[in-house]
Amino acid sequence: MSGSVIAKEAKAPESVKCYHCGDHCKPGLIVLDNLDFCCNGCKTVYEILDSNNLCAYYEFESNPGVAQLEAKSNALFDYLDSEPIKKQLLDFASEDYESVTLTIPNIHCSSCIWLLENLTRLNSDILHSKVDFVEKRLTVHYLPKEFSLKNLAELLDAIGYAPVINLDDGEPPSSEKTERSKNKQLIFKLGVAGFCFGNVMLLSFPDYLGLTGIEKTYSNFFRYLNMLLALPVVFYSGSEYLTSALKSIRQRYANIDVPIALGVMALFLRSSYEVISGAGSGYFDSLVGLIFFLLIGKWFQAKSYRTLSFERDYKSYFPLAIQKLVDDVLVSTPVKALEKGDEILVRNNEIIPGDAILIDKEASIDYSFVTGESEPVRRKQGDYIYAGGRQVGSGIRLVIQKKISQSYLTKLWNNEAFSKEKSSLKLVDQISQYFTLTIILLALGGAFYWQLADPSKTWTVFTAVLIVACPCALALSTPFTTGSVTRVFGKNRFYLKNADVAEQMGSIEHVIFDKTGTLTDNNQHQFSFIGELSDADKGIIAMIAGNSTHPLSTEISKSLITHQNSRHLLTGFKEIPGKGLQAEVNGLNIRLGSATFVGIDEPNHGKATRVFVKFGDSFKGYFELKTNYRKGMSSLIQHLKQRFRLSVLSGDNNGEQASLQKIFPKNTQMFFDQAPEDKMNVIKEFQNQGKVMMLGDGLNDAGALMQSEVGIAVTENTSHFSPASDAILEASSLYKLDKFLSLAKSSKKIIMASFVLSVLYNLGGIGFAITGNLTPLIAAILMPLSSISVVVFTTLMVRFSANRLKLN
């Protein structure tokens, strides 16, 4: 590429907010209508909205847009013209009408909804658009004769709402489908139990208040109605507890559902006996109330972050299609259809979809997300290139050697770590084994005593003990505690797959960090220059580097932006992939790049990243990339080392080992150059010594995250790809990890304290039961009161603990 560029004069540095996205930028850098923008992308979005009278978008929220810093390719959505792909994506298609539902991760506020539901004003071929804010999905109906699916994707991309389309689009993992089905059933069961509970309470008032007259005449009818209403609650809403208890008994193990099932069946059988025999009104109100409260606890615990995916694999990482050479013509082809021998074109920043051989002379492949190697890898003609790498620089041609399903990257997902379910014995289930045995012994003991003292009370006392000792409060303590903890985490941008993860976190003994992208911030680099440069030299370098899209060039340009304060004529600009940049400024030949490219002998510097600078025949020096560690890392490690074993497990080289040793305690085990399989094996070894938490950000960490007791994916943006994990943590909140672990530890203490409350209630209730004084009215008061008290106690204690840790 060549051309002539005149550098702009920059004003004095002063921070202002981009009118579109709110990011900080230099004033006067890009201005339109007296408004500042951080980049041309944001300015373009504003122009599109302004030209279509849609600037009301900016009135709903302050700076509602999303930064448009990434370079866009004009051919980004070419594959959407492919008929097989359109059939896979479209909800409905005919000659005159099409509709599609797309995932739009950038939907985040009321302005987004307003804009996306007014797409008809941007293009008259769009008939209607509707946003599902919770699922972050957009449904669009349009006329296909003049407007295509590709045009729709390009329009959305242009206004900052690029759709995410991948191999799994529209096909959630089977585990996600099962979870959604379970949640739907839970809502139905909760609805049935709630309806019956309200009606049974209403029909029980004559028995509560001892009314006479016509109410007494209808009392038997009301009691039979109560029994009828209890049937669906017990055998539909409460069926999961009954079946779980039965399975547990068959395995000769008593989980928390065993005493619950005993209590439920004792309540139902005794109540039915009393109504049918005319001996009393029974305990149907307590029965349906018990199941209703249990289901509320289950629902509270089951609420999760549906817009996040914790089950992603390689198919979520790959694009839907790639450019394939067919009869000397590039054709957009689904990556699923690629076969061995196919020639493909991979453009700048595109992902290589299958193991392949390089046809072109050189390539620069970024494997950071797959292997953890922080620097792009140089490859030459004939080299074997593995799937998952991202091309950096101009497009390259490759010949496919293995299909997606057989490539190097997919082998990782064949490991047993991805097929087995993580399981652990919950605290409540550990206690329930002893609780169940104790209750049965008390019931039998009470029955034996009354069999000798007053045989008429034997059955009454036996069933009363089982009824009042039903561990409803015990069963509610865990879901309401972990559910409350999950919500506190969510407010701090730490999202758990389910509430059980919070309980697991309380037992962690060993915390392991990936380096690249986890401890280090890949978006913030520091360059130090070794040598001498004048301000004019810095301005020239910033101008040359600013013409390149290479990540290193972009970072150098950003670091020198304040020096763009003079006017220079730049000509003959060239970017040589894998080597560097070359240009003439005021007739002087200038080179930036590798030591070989600028024409010097490369000094021995280990594996540090350096960009050398030469003005004419004068070697000026070099830029050295310094790794930036995330905010608060030193403080975080200081807090963690007091309570946990710490280790570093990286796929990158050991170039940062000395820096890491300054942050981590002495004798911290550090592993470098680790392949994904190596990471899994290291985790397995550590698990022999205690429970492990792993934090990572890339595909190379996916196996280790799945193998560990708690795997946390660290991501810059929760809407972007992150590997399969138990939790997703926004990188900006990583410094709070010690507080998250402290709250998880506190939650175990809160659960234990609520268990004590539950036992105290049971002791009081058993006192009434074993003396034969448990009436339906006392049961109706004691059982809901215990449940409510535990819910209030756990919620308030979690809130108190969170405030103490400043996680509010």
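The values are calculated or read from the model by the stated rules, or taken from the named source; none is laboratory data. What you see is a predicted model, and the numbers here were worked out from it, not measured in a lab. Reconstructed Cβ throughout: ideal geometry from the backbone, glycine too, with neighbour counts over all protein chains shown. Each accessible area value is taken on the protein alone, full model and side chains, heavy atoms only, with ligands, DNA and RNA left out. Shrake-Rupley method; radii C 1.70, N 1.55, O 1.52, S 1.80 Å.
Just add up the charged neighbours of Asn123: K/R +1, D/E -1, any other residue whose Cβ is under 15 Å from the Cβ of Asn123.
-3
Would you mind working out the magnitude of the charge dipole of segment 628-669 relative to its Cα centre, with +1 at each Lys and Arg C-beta and -1 at each Asp and Glu C-beta, to the nearest 20 Debye?
260 debye
Using 22 Å as the Cα-Cα cut-off, could you pick out the over-long pairs in Lys641/Lys736; Lys247/Lys748; Lys87/Lys150?
Check vs 22 Å cut-off fails for Lys247/Lys748.
Ordering Leu202, Leu646, Leu757 from largest to smallest accessible area (1.4 angstrom probe), what's the sequence?
Leu202, Leu757, Leu646
Heavy atoms of the protein only, probe of 1.4 Å, neighbouring chains included. What is the accessible area of Tyr384 in Å², nearest 10?
Accessible area of Tyr384: about 80 Å².
Give the accessible area for Arg487 in Å² (nearest 10); use a 1.4 Å probe, count only protein heavy atoms, and leave out ligands, DNA and RNA.
For Arg487, solvent-accessible area is about 70 Å².
Would you rank His639, His20 by solvent-accessible area, highest first, keeping every protein chain in place and using a 1.4 Å probe?
Correct descending sequence by accessible area is His639, His20.
What is the gain in length, in nm to one decimal, between Gln451 and Ile788 on full extension, counting 0.36 nm per residue of separation less the C-alpha to C-alpha distance?
Here the answer is 117.8 nm.
Using a 1.4 Å probe and counting only protein heavy atoms, arrange Trp299, Trp114 so the residue with the most accessible area comes first.
Heavy-atom accessible area, descending, gives Trp299, Trp114.
Would you please give the FRET efficiency between Ala337 and Asp673, computed as 1/(1 + (r/R0)^6) with r the Cβ-Cβ distance and R0 = 30 Å, to the nearest 0.05? Working shown, then result.
On the way: r = 35 Å, r/R0 = 1.18.
In this case the efficiency is close to 0.25.
For segment 616-716, what does the alpha-carbon gyration tensor say about shape, rounded, prolate or oblate, given a ≥ b ≥ c as the root eigenvalues, a/c under 1.5 as rounded, and a/b over b/c as prolate? Don't jump to the answer; show the numbers that get you there.
Working: a/c = 2.28, a/b = 1.68, b/c = 1.35.
Prolate shape, in that a/c is at least 1.5 and a/b is the bigger ratio.
Report the accessible area of Arg379, computed with a 1.4 Å probe over the heavy atoms of all protein chains in place, in Å² rounded to the nearest 10.
Number for this one is 80 Å².
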